[in-house]
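The values are calculated or read from the model by the stated rules, or taken from the named source; none is laboratory data. Quick caveat, the model's predicted, so the values are computed rather than measured. For neighbour counting, all protein chains shown are included, and Cβ atoms are generated from backbone atoms with ideal geometry for every residue, glycine included. Note: accessible area is taken over every heavy atom of the protein model, side chains too, but ligands, DNA and RNA are not part of it. Shrake-Rupley method; radii C 1.70, N 1.55, O 1.52, S 1.80 Å.
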Amino acid sequence: MNEYTYIKEQDDAIYQALMGEELREQRGIELIPSENYASKAVREANGSVFTNKYSEGYPGKRYYGGQQFTDVIETLAIERAKQLFKAKYANVQPLGGAAANVAMYFALMEPGDTVLGMDLSHGGHLTHGHPTTAINKVFNFVRYKMKDVDTGEIDYDHLRQMALEHKPKIILAGFSAYSRELDYAKFVEIAKEVGAYTVADIAHITGLIAGGVLKNPFDYGFDVMTMTTHKSLRGPRGGMIVVREDAELAKRIDKAVFPGMQGGPHMNVIAAKAVAFQEALHPNFKEYAVQILKNAKAMEAVFKKEGIRLLCGGTDNHLLLADVYGSLGITGKEAEMVLDEVGITLNKNMIADEPRTAMDPSGIRFGTPAMTTRGMKEAEATKLAELMIATMRAKDDAEAKIAIQKEVQALCEAFPVPERFV
Ligand code: DSN
């Protein structure tokens, strides 16, 4: 646990909130599939003196002086990112996944051009052109969906028809709530037919691709990948764009990030990214990635045994989506709240073609990156899935919930959050 000695002395309100979060993270099980625990080394770099420095530009081409050390860390971050994702070029400056996607759109398209991406309610993401986003006013977004929501199979015939009809500049593969592998070769084949770029938004599965347990879209000819660094990759909160091999595209992406979209890069975060990438290049990261998948499969088995409908029929990755309203009569919002009461954090989520509302949907989304970081394996994943289902079934039974909370506590004590990964 961190001590926050200086904050403790000078700012009690913030200190109390920090200690509250320290304890919340230690004493609860984190199943939000986009969250994780960063190592102490990553957090040291994130909280380092690099927060003091302005470094507009890129290594060797900065606008301000005093860049001898910023250039070292940014160059290392870039080289490590290239190695992790089999990319020829990397831009490590995007402040987050949304910023990475917006910069990528501006690098690859002109205003008014079209993107063909995954429908939000079928697993796509807000930054893939949801009507409420600013980017939706600049570019035209059209959608593909799953053919069968109970297997997760994408409707590639429809995707091809949409591509032929709308002539997109970008075909976007990627998701934040979808639990199957994509047929990347199919995306590339369709994109070639219509002259579109292929971009994969791998924000959720960065660690699984870097760990070699899921397919790397670059092996199938994708042009660009966008991502976040704080999810399964266990880095600091931030974004990144990598380019497979096209130098011209890489130049356009660099320009779109700076000066197109952003000013001074957050060099403290870039230092932390470099540290996280070093950790992900360590041989034990592969074991971590393998275990994430095993734990998700163990949870899948329990939900299936209990007759709870899983979207896509199960999972090939780190996350699961369960239709708890259809199967247990509890809404996603109620499930999120009652699970929070016993110390299990996850999020409500829309299911495909949601019949309810976004704020009170039918589903929950949960995943295994964070619990796997704590060292939990299949036995604990099985136990947790059983506890989740028991909690949802006992939503109005205070005594039962107290008993479950004790079991969750015992698990947390047996598997403290680690500080060091290598
Ligand atoms: N908020 C992230 C997630 O939970 O998937 C993506 O933006």
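Only one of P355, P416, P361 is more than 16 Å from E25 (Cα to Cα) and either part of a helix (DSSP H, G or I) or open to solvent by 40 Å² or more (accessible area, probe 1.4 Å) (or both). Can you tell me which?
Going through P355, P416, P361 in turn, the sole match is P355.
Which of the residues that make up segment 127-183 are free of Cβ contacts under 8 Å to residues at least 12 places away in the same chain, open to solvent by less than 50 Å² (accessible area, probe 1.4 Å) and within 21 Å of P217 (Cβ to Cβ)?
D155
Considering each of G117, G124, G112 in turn, give the residue that is within 20 Å of the chain's Cα centre (by Cα) and assigned to a loop (DSSP other than H, G, I, E, B).
That would be G124, the only listed residue that is within 20 Å of the chain's Cα centre (by Cα) and assigned to a loop (DSSP other than H, G, I, E, B).
Does segment 77-86 include one or more residues that are more than 16 Å from the ligand (Cβ to nearest atom) and in contact with an Asp or Glu (Cβ under 9 Å, 6 or more places away or on another chain)?
Yes, there is a match, as at least one residue in segment 77-86 is more than 16 Å from the ligand (Cβ to nearest atom) and in contact with an Asp or Glu (Cβ under 9 Å, 6 or more places away or on another chain).
Test L31 against the criterion of being farther than 19 Å from A250 by Cα, within 16 Å of the ligand (Cβ to nearest atom) and without any contact (Cβ under 8 Å) to a residue 60 or more places away in the chain, and give yes or no.
Considered against the rule, which asks whether it is farther than 19 Å from A250 by Cα, within 16 Å of the ligand (Cβ to nearest atom) and without any contact (Cβ under 8 Å) to a residue 60 or more places away in the chain, L31 comes out as no.
Considering only segment 207-221, state which residues are part of a loop (DSSP other than H, G, I, E, B) and out of contact with any Ser or Thr (no Cβ under 9 Å at 6 or more places or on another chain).
Correct list: G212, V213, L214, K215, N216.
Residues that are in contact (Cβ under 8 Å) with a residue 40 or more places away in the chain and over 15 Å from A77 (Cβ atoms): which helices (runs of 4 or more DSSP H) entirely in segment 222-313 hold 1 or more of them?
Once the helices (runs of 4 or more DSSP H) in segment 222-313 are filtered for at least 1 residues that are in contact (Cβ under 8 Å) with a residue 40 or more places away in the chain and over 15 Å from A77 (Cβ atoms), what remains is 247-255, 283-305.
Kindly indicate the residue of segment 47-64 that is among the hydroxyl-bearing types (S, T, Y) and closer than 12 Å to M267 by Cα and also most open to solvent (accessible area, probe 1.4 Å) among those meeting that condition.
Y54
Could you tell me whether segment 14-23 includes any residue that is in contact with a strand residue (DSSP E or B) (Cβ under 9 Å, 6 or more places away or on another chain) and open to solvent by less than 30 Å² (accessible area, probe 1.4 Å)?
Looking through segment 14-23, none of the residues is in contact with a strand residue (DSSP E or B) (Cβ under 9 Å, 6 or more places away or on another chain) and open to solvent by less than 30 Å² (accessible area, probe 1.4 Å).
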